[in-house]
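The values are calculated or read from the model by the stated rules, or taken from the named source; none is laboratory data. The model shown is predicted, which means the values in this text are computed figures rather than measured ones. A quick note on method: Cβ atoms are made from the backbone with ideal geometry, for glycine too, and the neighbour counts reach across all protein chains shown.
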Ligand SMILES: N[C@@H](CCC(=O)N[C@@H](CS)C(=O)NCC(=O)O)C(=O)O
(Lines give C-alpha, C1' and ligand atoms only; values in the text may rest on other atoms or scores of the structure.)
Protein backbone atom coordinates (compact mmCIF):
# COMPACT_ATOMS: atom_id res chain seq x y z
CA UNK A 1 0.00 0.00 0.00
CA UNK A 2 1.38 3.42 -0.87
CA UNK A 3 2.13 5.78 2.03
CA UNK A 4 -0.58 8.36 1.29
CA UNK A 5 -3.36 6.00 2.34
CA UNK A 6 -4.46 5.79 5.94
CA UNK A 7 -5.00 2.44 7.63
CA UNK A 8 -8.26 1.13 6.21
CA UNK A 9 -10.74 -0.79 8.34
CA UNK A 10 -13.13 -3.38 6.93
CA UNK A 11 -16.26 -3.81 9.01
CA UNK A 12 -17.16 -7.42 8.46
CA UNK A 13 -19.04 -10.54 9.37
CA UNK A 14 -17.36 -13.97 9.42
CA UNK A 15 -19.74 -15.53 6.87
CA UNK A 16 -20.74 -12.60 4.67
CA UNK A 17 -19.98 -13.24 0.96
CA UNK A 18 -20.03 -9.51 0.18
CA UNK A 19 -17.38 -8.89 2.83
CA UNK A 20 -15.25 -11.60 1.17
CA UNK A 21 -15.30 -9.61 -2.06
CA UNK A 22 -13.80 -6.60 -0.29
CA UNK A 23 -11.27 -8.75 1.60
CA UNK A 24 -10.13 -10.50 -1.60
CA UNK A 25 -9.75 -7.19 -3.43
CA UNK A 26 -7.71 -5.68 -0.57
CA UNK A 27 -5.40 -8.71 -0.54
CA UNK A 28 -5.01 -8.76 -4.33
CA UNK A 29 -4.14 -5.04 -4.18
CA UNK A 30 -1.56 -5.58 -1.40
CA UNK A 31 -3.34 -3.28 1.01
CA UNK A 32 -2.95 -3.90 4.72
CA UNK A 33 -6.13 -3.32 6.63
CA UNK A 34 -7.78 -3.95 9.94
CA UNK A 35 -10.82 -6.23 10.03
CA UNK A 36 -13.56 -5.89 12.63
CA UNK A 37 -16.21 -8.64 12.66
CA UNK A 38 -19.56 -7.69 14.09
CA UNK A 39 -22.62 -9.66 15.17
CA UNK A 40 -25.36 -8.86 12.64
CA UNK A 41 -28.00 -10.15 15.05
CA UNK A 42 -26.88 -7.62 17.60
CA UNK A 43 -25.49 -4.68 15.65
CA UNK A 44 -23.35 -2.34 17.75
CA UNK A 45 -24.59 1.26 18.06
CA UNK A 46 -21.40 2.65 16.51
CA UNK A 47 -22.07 0.46 13.43
CA UNK A 48 -25.69 1.59 13.14
CA UNK A 49 -24.46 5.18 13.19
CA UNK A 50 -22.03 4.79 10.32
CA UNK A 51 -23.83 2.27 8.07
CA UNK A 52 -26.57 3.84 5.92
CA UNK A 53 -27.99 0.41 4.98
CA UNK A 54 -27.26 -1.45 8.22
CA UNK A 55 -25.23 -3.93 6.15
CA UNK A 56 -21.63 -5.09 5.94
CA UNK A 57 -19.15 -4.62 4.40
CA UNK A 58 -18.15 -1.10 5.28
CA UNK A 59 -14.75 0.30 4.44
CA UNK A 60 -13.76 2.98 6.92
CA UNK A 61 -11.39 5.36 5.17
CA UNK A 62 -10.98 7.93 7.96
CA UNK A 63 -12.99 9.48 10.82
CA UNK A 64 -15.33 11.19 8.36
CA UNK A 65 -15.51 8.79 5.44
CA UNK A 66 -17.12 5.39 5.22
CA UNK A 67 -17.82 3.45 2.03
CA UNK A 68 -20.61 0.91 1.76
CA UNK A 69 -21.66 -1.57 -0.97
CA UNK A 70 -19.15 -4.28 -1.87
CA UNK A 71 -18.97 -3.48 -5.61
CA UNK A 72 -18.20 0.18 -4.86
CA UNK A 73 -15.62 -0.74 -2.24
CA UNK A 74 -13.90 -3.12 -4.66
CA UNK A 75 -13.79 -0.47 -7.40
CA UNK A 76 -12.44 2.12 -4.98
CA UNK A 77 -9.63 -0.21 -3.90
CA UNK A 78 -8.86 -0.89 -7.55
CA UNK A 79 -8.86 2.85 -8.30
CA UNK A 80 -6.38 3.76 -5.55
CA UNK A 81 -3.94 0.98 -6.44
CA UNK A 82 -2.59 -0.08 -9.79
CA UNK A 83 -6.05 -0.34 -11.33
CA UNK A 84 -5.37 -3.79 -12.69
CA UNK A 85 -8.61 -5.53 -11.78
CA UNK A 86 -10.97 -3.79 -14.20
CA UNK A 87 -10.48 -3.08 -17.88
CA UNK A 88 -9.63 0.46 -18.97
CA UNK A 89 -11.83 0.04 -22.06
CA UNK A 90 -15.27 1.51 -21.38
CA UNK A 91 -17.31 -1.21 -23.03
CA UNK A 92 -15.32 -4.08 -21.50
CA UNK A 93 -15.57 -2.39 -18.10
CA UNK A 94 -19.34 -1.95 -18.51
CA UNK A 95 -19.66 -5.67 -19.26
CA UNK A 96 -17.52 -6.55 -16.24
CA UNK A 97 -19.81 -4.47 -14.00
CA UNK A 98 -22.85 -6.19 -15.47
CA UNK A 99 -21.42 -9.64 -14.61
CA UNK A 100 -20.58 -8.45 -11.10
CA UNK A 101 -24.27 -7.57 -10.76
CA UNK A 102 -25.13 -11.03 -12.12
CA UNK A 103 -22.99 -12.52 -9.33
CA UNK A 104 -25.01 -10.53 -6.80
CA UNK A 105 -28.25 -12.00 -8.18
CA UNK A 106 -26.70 -15.44 -7.69
CA UNK A 107 -26.01 -14.65 -4.05
CA UNK A 108 -29.70 -13.78 -3.73
CA UNK A 109 -30.59 -17.13 -5.37
CA UNK A 110 -28.33 -18.89 -2.87
CA UNK A 111 -30.13 -17.21 0.03
CA UNK A 112 -33.42 -18.34 -1.52
CA UNK A 113 -32.06 -21.90 -1.68
CA UNK A 114 -31.11 -22.18 1.96
CA UNK A 115 -34.21 -20.38 3.28
CA UNK A 116 -36.82 -22.25 1.17
CA UNK A 117 -39.36 -23.55 3.64
CA UNK A 118 -40.33 -26.72 1.76
CA UNK A 119 -38.96 -29.14 -0.82
CA UNK A 120 -40.90 -27.65 -3.76
CA UNK A 121 -39.56 -24.13 -3.08
CA UNK A 122 -36.10 -25.56 -2.51
CA UNK A 123 -36.17 -27.38 -5.89
CA UNK A 124 -37.42 -24.23 -7.60
CA UNK A 125 -34.50 -22.26 -6.11
CA UNK A 126 -32.07 -25.07 -6.98
CA UNK A 127 -33.20 -25.04 -10.63
CA UNK A 128 -32.99 -21.25 -10.80
CA UNK A 129 -29.44 -21.38 -9.50
CA UNK A 130 -28.52 -24.18 -11.87
CA UNK A 131 -29.90 -22.14 -14.80
CA UNK A 132 -27.60 -19.27 -13.81
CA UNK A 133 -24.59 -21.60 -13.74
CA UNK A 134 -25.59 -22.72 -17.23
CA UNK A 135 -25.61 -19.09 -18.41
CA UNK A 136 -22.16 -18.68 -16.89
CA UNK A 137 -20.92 -21.82 -18.67
CA UNK A 138 -21.96 -20.18 -21.94
CA UNK A 139 -20.20 -16.90 -21.15
CA UNK A 140 -16.91 -17.67 -19.42
CA UNK A 141 -13.59 -18.65 -20.90
CA UNK A 142 -12.05 -22.09 -20.38
CA UNK A 143 -8.83 -20.91 -18.78
CA UNK A 144 -9.82 -20.71 -15.14
CA UNK A 145 -10.96 -17.07 -15.10
CA UNK A 146 -14.12 -15.36 -16.19
CA UNK A 147 -12.32 -13.74 -19.08
CA UNK A 148 -9.28 -14.59 -21.19
CA UNK A 149 -7.63 -11.36 -19.99
CA UNK A 150 -7.13 -12.93 -16.54
CA UNK A 151 -8.14 -12.39 -12.93
CA UNK A 152 -10.45 -9.42 -12.36
CA UNK A 153 -13.12 -7.97 -10.07
CA UNK A 154 -15.56 -10.28 -11.88
CA UNK A 155 -13.71 -13.34 -10.56
CA UNK A 156 -13.66 -11.73 -7.11
CA UNK A 157 -17.42 -11.20 -7.21
CA UNK A 158 -18.00 -14.90 -7.98
CA UNK A 159 -15.40 -16.44 -5.64
CA UNK A 160 -17.65 -16.36 -2.52
CA UNK A 161 -20.34 -18.20 -4.51
CA UNK A 162 -17.95 -21.07 -5.17
CA UNK A 163 -16.96 -21.13 -1.52
CA UNK A 164 -20.65 -21.58 -0.61
CA UNK A 165 -21.16 -24.28 -3.22
CA UNK A 166 -18.14 -26.28 -2.03
CA UNK A 167 -19.83 -26.61 1.38
CA UNK A 168 -23.31 -27.11 -0.16
CA UNK A 169 -22.12 -29.96 -2.39
CA UNK A 170 -20.96 -31.82 0.71
CA UNK A 171 -24.41 -31.52 2.24
CA UNK A 172 -26.72 -32.00 -0.75
CA UNK A 173 -27.66 -35.10 -2.74
CA UNK A 174 -27.70 -33.03 -5.91
CA UNK A 175 -24.42 -31.41 -6.94
CA UNK A 176 -24.54 -27.90 -8.27
CA UNK A 177 -22.84 -27.17 -11.62
CA UNK A 178 -20.91 -30.46 -11.72
CA UNK A 179 -21.78 -30.95 -15.41
CA UNK A 180 -20.61 -27.47 -16.40
CA UNK A 181 -16.99 -28.14 -17.25
CA UNK A 182 -15.76 -24.56 -17.61
CA UNK A 183 -17.48 -23.47 -14.40
CA UNK A 184 -15.86 -26.42 -12.63
CA UNK A 185 -12.37 -25.42 -13.78
CA UNK A 186 -13.07 -21.80 -12.88
CA UNK A 187 -14.39 -22.64 -9.40
CA UNK A 188 -11.36 -24.85 -8.58
CA UNK A 189 -9.00 -22.14 -9.75
CA UNK A 190 -10.68 -19.45 -7.66
CA UNK A 191 -11.07 -21.53 -4.51
CA UNK A 192 -7.36 -22.38 -4.48
CA UNK A 193 -6.23 -18.77 -4.86
CA UNK A 194 -4.53 -17.36 -1.73
CA UNK A 195 -6.55 -14.15 -1.58
CA UNK A 196 -9.76 -16.18 -1.74
CA UNK A 197 -8.61 -18.64 0.93
CA UNK A 198 -7.55 -15.79 3.23
CA UNK A 199 -10.86 -13.93 2.95
CA UNK A 200 -12.41 -16.12 5.65
CA UNK A 201 -11.01 -17.65 8.81
CA UNK A 202 -10.22 -21.34 9.26
CA UNK A 203 -13.53 -21.94 11.05
CA UNK A 204 -15.58 -20.84 8.03
CA UNK A 205 -16.85 -24.25 6.97
CA UNK A 206 -17.85 -25.18 10.51
CA UNK A 207 -19.55 -21.82 11.07
CA UNK A 208 -21.41 -21.98 7.76
CA UNK A 209 -22.64 -25.52 8.46
CA UNK A 210 -23.81 -24.42 11.93
CA UNK A 211 -25.55 -21.37 10.39
CA UNK A 212 -27.31 -23.55 7.80
CA UNK A 213 -28.37 -26.17 10.35
CA UNK A 214 -30.13 -23.50 12.41
CA UNK A 215 -32.26 -22.43 9.42
CA UNK A 216 -35.91 -23.28 9.74
CA UNK A 217 -35.89 -24.48 6.13
CA UNK A 218 -35.63 -27.53 3.90
CA UNK A 219 -31.89 -26.90 3.54
CA UNK A 220 -31.63 -26.62 7.32
CA UNK A 221 -33.14 -30.11 7.61
CA UNK A 222 -30.71 -31.51 5.00
CA UNK A 223 -27.82 -29.97 6.91
CA UNK A 224 -28.94 -31.54 10.20
CA UNK A 225 -29.28 -34.94 8.48
CA UNK A 226 -25.78 -34.53 7.02
CA UNK A 227 -24.36 -33.63 10.43
CA UNK A 228 -25.92 -36.69 12.09
CA UNK A 229 -24.68 -38.98 9.28
CA UNK A 230 -21.13 -37.74 10.00
CA UNK A 231 -21.51 -38.39 13.74
CA UNK A 232 -22.89 -41.90 13.08
CA UNK A 233 -20.17 -42.85 10.55
N1 LIG B 1 -25.51 -4.99 -1.66
C2 LIG B 1 -24.74 -5.14 -0.46
C3 LIG B 1 -25.21 -6.39 0.26
C4 LIG B 1 -24.53 -6.58 1.62
C5 LIG B 1 -25.31 -7.53 2.52
O6 LIG B 1 -26.41 -8.00 2.17
N7 LIG B 1 -24.73 -7.82 3.70
C8 LIG B 1 -25.45 -8.64 4.67
C9 LIG B 1 -24.55 -9.73 5.25
S10 LIG B 1 -23.98 -10.87 4.04
C11 LIG B 1 -25.84 -7.78 5.85
O12 LIG B 1 -25.09 -6.99 6.32
N13 LIG B 1 -27.06 -8.00 6.36
C14 LIG B 1 -27.50 -7.34 7.56
C15 LIG B 1 -28.90 -6.91 7.49
O16 LIG B 1 -29.48 -6.93 6.39
O17 LIG B 1 -29.45 -6.53 8.52
C18 LIG B 1 -23.24 -5.21 -0.81
O19 LIG B 1 -22.93 -5.64 -1.93
O20 LIG B 1 -22.39 -4.81 0.01
Among the residues of region 41-51, is there at least one that is crowded, with 20+ Cβ neighbours inside 10 Å, touching a strand residue (DSSP E or B) at 6+ places or on another chain (Cβ under 8 Å) and not in a strand (DSSP E or B)?
no
Six or more apart or on different chains, Cβ atoms under 8 Å: show the pairs whose first residue is in region 15-29 and within 19 Å of residue 54 (Cα to Cα) and whose second is near the ligand (Cβ under 7 Å from one of its atoms) and assigned to a helix (DSSP H, G or I).
18/70; 19/70; 21/70; 21/71; 22/70
Which helices (runs of 4 or more DSSP H) sit wholly inside region 163-233 and have at least 3 residues that are surrounded by fewer than 15 Cβ atoms within 10 Å (Cβ to Cβ)?
181-191, 204-213, 218-232
Positions within region 15-38 being more than 15 Å from the ligand (Cβ to nearest atom) and farther than 14 Å from residue 67 by Cβ, in sequence order
27, 28, 29, 30, 32, 34
Go through region 52-86 and give me each residue that's farther than 19 Å from residue 7 by Cβ and surrounded by fewer than 16 Cβ atoms within 10 Å (Cβ to Cβ).
52, 53, 54, 72, 82, 83, 84
Exception for residue 41 within (1) within 16 Å of the ligand (Cβ to nearest atom); (2) touching a helix residue (DSSP H, G or I) at 6+ places or on another chain (Cβ under 6 Å) falls at (2)
Of the residues 153, 113, 121, 107, which single one is surrounded by 13 or more Cβ atoms within 10 Å (Cβ to Cβ) and more than 26 Å from residue 57 (Cβ to Cβ)?
121
Just need a number here: residues in region 49-80 that are touching a residue at least 60 places away in the same chain (Cβ under 8 Å) and either away from the ligand (no atom under 14 Å from the Cβ) or outside the structural domain of residue 36 (by TED's automatic domain parsing) (or both).
2
